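A.B. asks: Here it is, the structure, as C-alpha cells.
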Amino acid sequence: MSEIVLPRASHAAWFSYVTSNRSTSAGIVLSILLVVLALISPWVVPHDPLEQSFIVANQGPSSDYWFGTDSFGRDVFSRVLLGARVSLSIGILAPVLAAAGGVWLGMLAGYFGGWTDRLISRFADLLMSFPSLLLGVMVAAALGPSFRSAVIAIAVALFPRFVRLARSSTQVLRQEPFIEASIVAGRGPLSIMQRHVLPNIAGPLVVALSLWIATAIRLEAALSFLGLGAQPPAPSWGNMIRDGMSDLVGDPWPAAFAGAAITFAVLAFNMVGDALRDMLDPEMET
C-alpha cells in the first residue's frame with residue numbers, strides 16, 4: 001500500500017510549457033509586475049497621490065501627468081500605482097484567510113463524515129446560498145467600511161468554496177489504503193490530515209487560490225465602489241472608479257485607468273491559475 005503522490009512535472013517540462021505558451025508567460029509576468037509595483041509604489045510614484053491642486057484639475061494625459069488628473073487635481077497615475085497596493089493586498093489576503101480556515105474545516109468534514117460532515121456542510125451551504133458580492137456587502141456593512149472589513153467580508157464570501165473543495169478531495173482520499181494503514185499504525189486524525197491528506201489535495205487548492213485571487217480583486221473593487229472598502233483619501237481601484245463616475249464625460253481618466261488596472265490584474269491571475277492547473281495535470285508528468 002503506497003501513498004498517493006501529487007503529479008509533478010519536471011522543472012524542464014514546466015519551463016517548456018511556460019515559455020511555449022505566450023498567454024501563460026504574459027500572465028505570469030504581468031502578475032509578478034503588478035505585485036512588485038504594488039510593493040514599491042510608495043517610493044516610485046511621480047507625484048503625491050493625495051496632493052490636490054485645482055489649477056491642474058481634470059487634465060488629460062501629458063508628459064507631466066501620464067494618466068491625467070482627477071477633479072481634485074490629483075495625479076491619476078500615482079493613484080493607480082498606490083491603489084494597486086490596497087487592491088492587491090485585499091485581493092491576496094482575503095483568499096489566503098479563507099483558505100486557512102476553509103481547508104481545515106473541509107478536511108474535518110471529509111475525514112470524519114457523519115454529524116461533523118453534516119454540520120460543516122450545512123454551514124457552508126448556507127453561506128453559498130448567498131451570491132459572493134451580496135454576502136460580502138452584508139458582512140462589510142455590518143462591520144463598517146474599512147480595509148479590515150473588506151478583507152474579512154471577502155474572506156467570508158470565499159470561505160465556503162474552500163470548504164467544499166477540501167471536503168470533496170478529502171472524501172476521495174479517505175478511502176485510500178495508505179490512510180487506513182496510517183490509522184492502523186496509530187496515527188491520530190490531525191496527524192494524518194497534516195502529513196497525508198493536505199499534501200495530496202494541495203494541487204487543486206493552489207489552483208483554486210490563484211483563480212479566486214482574481215475573484216477577490218473584483219469583489220474588492222465592487223465593495224470600494226459601494227463605499228464599503230478602503231476609505232478615502234487612500235486610493236483603491238474601486239473608489240477611483242466611484243469618484244470618476246461623477247464626471248465620466250468631462251474627466252474619464254480616473255475611471256478608465258482604474259478599470260483597466262482591474263481588468264489586467266484579473267486577467268493576469270486567471271491566466272496564472274490556468275497555467276497552474278495545466279502544470280499539475282498528470283499528463284504533464286515526465
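The values are calculated or read from the model by the stated rules, or taken from the named source; none is laboratory data. In this text the structure is predicted, and so the values were computed from the model without any measurement. Positions of Cβ are generated from backbone atoms using ideal geometry, with glycine treated the same way; all protein chains shown enter the neighbour counts.
A.B. asks: If I go through the range 77-133 residue by residue, how many of them are over 30 Å from Trp237 (Cα atoms) and not in a helix (DSSP H, G or I)?
C.D. replies: Selection size over the range 77-133: 1.
A.B. asks: Here's a follow-up. Looking at Val137, Val80, Val76, Val103, can you tell me which residue is touching a Ser or Thr at 6+ places or on another chain (Cβ under 7 Å), of a type in the set (Val, Ile, Thr), buried (at least 19 other Cβ atoms within 10 Å of the Cβ) and at pLDDT 90 or above? Steps first, answer last, please.
C.D. replies: Working: Val137 fails: touching a Ser or Thr at 6+ places or on another chain (Cβ under 7 Å); Val80 fails: touching a Ser or Thr at 6+ places or on another chain (Cβ under 7 Å); Val103 fails: touching a Ser or Thr at 6+ places or on another chain (Cβ under 7 Å).
The conditions single out Val76.
A.B. asks: Which residue pairs have Cβ atoms under 7 Å apart, sit 6 or more places apart or on different chains, and have a first residue in the range 199-211 that is over 17 Å from Phe269 (Cβ atoms) and a second that is of a type outside the set (A, V, I, L, M) and part of a helix (DSSP H, G or I)?
C.D. replies: If the second residue must be of a type outside the set (A, V, I, L, M) and part of a helix (DSSP H, G or I), the pairs left are Ile201/Ser169; Ile201/Thr170.
A.B. asks: Let me ask something else about it. Assess whether Pro131 counts as being out of contact with any Pro (no Cβ under 9 Å at 6 or more places or on another chain), buried (at least 19 other Cβ atoms within 10 Å of the Cβ) and free of Cβ contacts under 8 Å to residues at least 60 places away in the same chain.
C.D. replies: Answer is no for this residue.
A.B. asks: Do the conditions hold for Ala57, that is, is it more than 19 Å from Ala256 (Cβ to Cβ) and either in contact with an Asp or Glu (Cβ under 8 Å, 6 or more places away or on another chain) or buried (at least 22 other Cβ atoms within 10 Å of the Cβ) (or both)? First the steps, then the outcome.
C.D. replies: Working: more than 19 Å from Ala256 (Cβ to Cβ): no; either in contact with an Asp or Glu (Cβ under 8 Å, 6 or more places away or on another chain) or buried (at least 22 other Cβ atoms within 10 Å of the Cβ) (or both): yes.
Spelling it out, it is not the case that Ala57 is more than 19 Å from Ala256 (Cβ to Cβ) and either in contact with an Asp or Glu (Cβ under 8 Å, 6 or more places away or on another chain) or buried (at least 22 other Cβ atoms within 10 Å of the Cβ) (or both).
A.B. asks: Restricting to the range 143-186, count the residues that are more than 20 Å from the chain's Cα centre (by Cα) and over 25 Å from Asn200 (Cα atoms). Before the answer, list the steps.
C.D. replies: In the first step, residues of the range 143-186 are kept if they are more than 20 Å from the chain's Cα centre (by Cα); the result is 143-144, 167-186.
Retained after the next criterion (residues that are over 25 Å from Asn200 (Cα atoms)): 143-144.
Of the residues in that region, 2 qualify.
A.B. asks: I need the full set of residues from the range 73-131 which are small (Gly, Ala, Ser) and more than 20 Å from Thr215 (Cβ to Cβ), in order please. Talk me through it step by step, then tell me what you get.
C.D. replies: Start the filter on the range 73-131 by keeping residues that are small (Gly, Ala, Ser), which leaves 73, 78, 83-84, 87, 89, 91, 94, 98-102, 106, 109-110, 113-114, 121, 124, 129.
The answer is Gly73, Ser78, Ala109, Gly110, Gly113, Gly114, Ser121.
A.B. asks: Considering each of Gly229, Gly244 in turn, give the residue that is under 21 Å from Leu50 (Cα atoms) and buried (at least 24 other Cβ atoms within 10 Å of the Cβ). If you could, list the steps in order and put the result at the bottom.
C.D. replies: Values: Gly244 fails: buried (at least 24 other Cβ atoms within 10 Å of the Cβ).
Selected residue: Gly229, the only one of Gly229, Gly244 that is under 21 Å from Leu50 (Cα atoms) and buried (at least 24 other Cβ atoms within 10 Å of the Cβ).
A.B. asks: Follow-up. For the range 257-279, which residues satisfy the criterion of being buried (at least 16 other Cβ atoms within 10 Å of the Cβ) and closer than 15 Å to Arg79 by Cβ?
C.D. replies: Phe257, Ala258, Gly259, Ala261, Ile262
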